[in-house]
1. Give me the Å³ per residue figure for the convex hull around the C-alpha atoms of the range 321-439.
2. Mind jotting down the three principal axis lengths of the chain based on Cα atoms? Whole angstrom, largest first.
3. Considering only protein heavy atoms, what is the solvent-accessible area of residue 338 at a probe of 1.4 Å, reported in Å² to the nearest 10?
4. Charges only on Cβ, +1 for Lys and Arg, -1 for Asp and Glu: so what's the dipole of the range 221-301 about the Cα centre, in debye to the nearest 20?
5. Once every DSSP H run of n ≥ 4 in the chain is given -39500 (n - 2.57) and the sum is divided by its residues, what mean residue ellipticity at 222 nm do you get, rounded to the nearest 500 deg cm²/dmol?
6. Of the options 368, 383, 420, report the single residue whose Cα projects farthest towards the positive end of the charge dipole of the range 357-436 (beta-carbon charges: Lys, Arg +1; Asp, Glu -1).
7. Which is farthest toward the positive dipole end of the range 106-230 among 183, 107, 135, measuring Cα position about the Cα centre, with Cβ charges +1 (Lys, Arg) and -1 (Asp, Glu)?
8. Rounded, prolate or oblate: which fits the range 96-153 when a ≥ b ≥ c are the square roots of the eigenvalues of the alpha-carbon gyration tensor, with rounded for a/c under 1.5 and prolate only if a/b beats b/c?
Amino acid sequence: MTSIDPRLAQQLRSAKPFLWLNPAYNNTAPMDQLPLSLQDIEDADARLRRFAPLLSSLFPELKEDNGLIESELIAISQMQQMIFPDLTGKLMIKADHALPVAGSIKARGGIHEVLCHCEALALEHGLLNNIDDDYLKLASEQARKLFNNYEIAVSSTGNLGLSIGIISAALGFKVVVHMSVEAKEWKKQRLRNRGVRVVEHADDYSAAVTAGRAQSDADPASYFVDDENSPRLFTGYAVAALRLKQQLAQQQVPVDAEHPLFVYIPCGVGGAPGGINFGLKQVFGSHVHCFFAEPTQAPCVLLGMQADSEDQLESVYQVGLKVDTEADGLAVSMASAWVCSVIKNILSGVFTVADDDLFRYLYRLHQTENIAIEPSAAAGFTGPLQITSSAAGLKYLQQHQLQPSLANATHLVWTTGGLFVPDEEMKKFQCRGKQLCNS
Ligand SMILES: *Cc1c(COP(=O)(O)O)cnc(C)c1O
């Protein structure tokens with residue numbers, strides 16, 4: 001069964017929302033002991049910029065931003081006034097639900113990894129002479145012919161498949177996406193429409209990863225994007241921190257000892273929030289406090305953080321949970337052991353969220369700010385009150401002497417997906433949220 005602390009196991013099994021503080025969190029953790037550095041994030045950023053002209057030519061929606069895939073930083077003062085009247089400081093969202101091309105937080109990481117592979121092939125085969133060459137050459141017939149000899153494979157609960165499938169198909173690669181049981185039909189259809197081969201699995205995400213990895217490994221021309229073990233995904237996700245730093249400065253939102261930044265990020269296998277956590281720590285050090293949000297039915301990273309080594313890692317089934325959640329982007333039973341080891345000392349904590357709250361908050365966001373997001377993307381909204389009102393939250397504030405600066409704090413909720421949700425589905429989400437709010 002499980003070897004974790006019996007009280008924690010009991011708490012998890014009850015499937016009631018709570019805040020877990022990471023006992024290994026070290027607010028002044030030396031960042032030079034980690035397996036990746038700020039330079040790795042800057043390299044990923046530089047790669048995304050080298051490809052920007054090509055991306056702009058492949059995706060007209062990127063023209064305006066010259067091929068950069070970025071989302072807005074938005075103060076949601078209406079929602080703060082109406083829904084969080086007692087929250088001091090400033091409530092904001094990082095609007096990755098509207099990230100172009102992929103429609104979710106998976107855009108930066110997923111596209112970065114495919115571009116790494118694409119760039120390496122192009123250099124190896126002489127399509128590019130060096131990294132200062134004209135990347136628009138990669139849209140040529142000759143380049144597409146080359147890429148069509150290669151396959152890119154990935155396993156997904158939906159959104160990573162969209163990200164990898166869309167960019168790979170646009171570059172001319174063959175693509176296969178292994179979808180786990182929770183993947184929504186429209187996500188599969190969207191990929192098939194672009195010529196992506198979709199393999200449907202009757203099992204959960206971890207099983208789809210194992211199956212996808214095995215099939216890809218058997219074919220030398222196939223490259224597997226491995227969500228459980230990927231520094232390339234991770235550094236791509238981390239680029240968000242560099243962009244956020246700029247956006248905060250532009251909007252004159254300070255982050256320093258007197259102005260702490262609390263960040264709440266929905267979490268599945270851990271890669272996207274882990275990469276952002278890592279990037280934000282590089283950029284803001286002890287002034288940023290990162291908390292992940294997981295469904296009460298799938299707290300795999302919360303569990304993963306209890307393990308001291310990879311072979312100790314447990315799945316949520318081992319504490320009696322079922323991954324039974326409408327948050328398809330977060331429906332993961334087993335965390336990435338690699339990510340958990342990287343963020344061991346830099347993650348402040350994890351809070352769990354009931355499905356009903358996902359719908360309540362996605363409805364409230366739409367009602368007050370006219371912003372529509374998918375259920376997974378609403379998981380961060382219980383964060384600000386968990387930190388400022390729960391017993392564990394108050395303990396954290398006290399431990400880090402944050403009470404005096406709370407009035408100057410920024411609470412940043414990362415809204416992670418939703419752009420491509422069909423109107424019909426979005427209406428159903430809204431209805432369910434409205435009913436819950438009015439009952
Ligand atoms: C994938 C995803 C996440 C979490 O990312 P992981 O890398 O799986 O932890 C959060 N929100 C949405 C909408 C996602 O699709």
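The values are calculated or read from the model by the stated rules, or taken from the named source; none is laboratory data. Predicted, not measured: the structure shown is a model, and the values here were computed from it. Quick reminder, even Gly has a Cβ in these numbers, built from the backbone with ideal geometry, and neighbours come from all protein chains shown. Keep in mind that these areas ignore ligands, DNA and RNA; they rest on the heavy atoms of the full protein, side chains included. Shrake-Rupley method; radii C 1.70, N 1.55, O 1.52, S 1.80 Å.
1. Considering the Cα atoms of the range 321-439, their hull volume per residue is 149 Å³.
2. That gives 61, 48, 46 Å along the principal axes, largest extent first.
3. 60 Å²
4. Dipole about the Cα centre, nearest 20: 220 debye.
5. -13000 deg cm²/dmol
6. Farthest towards the positive pole: 383.
7. 183
8. Note, shape of the range 96-153 comes out prolate.
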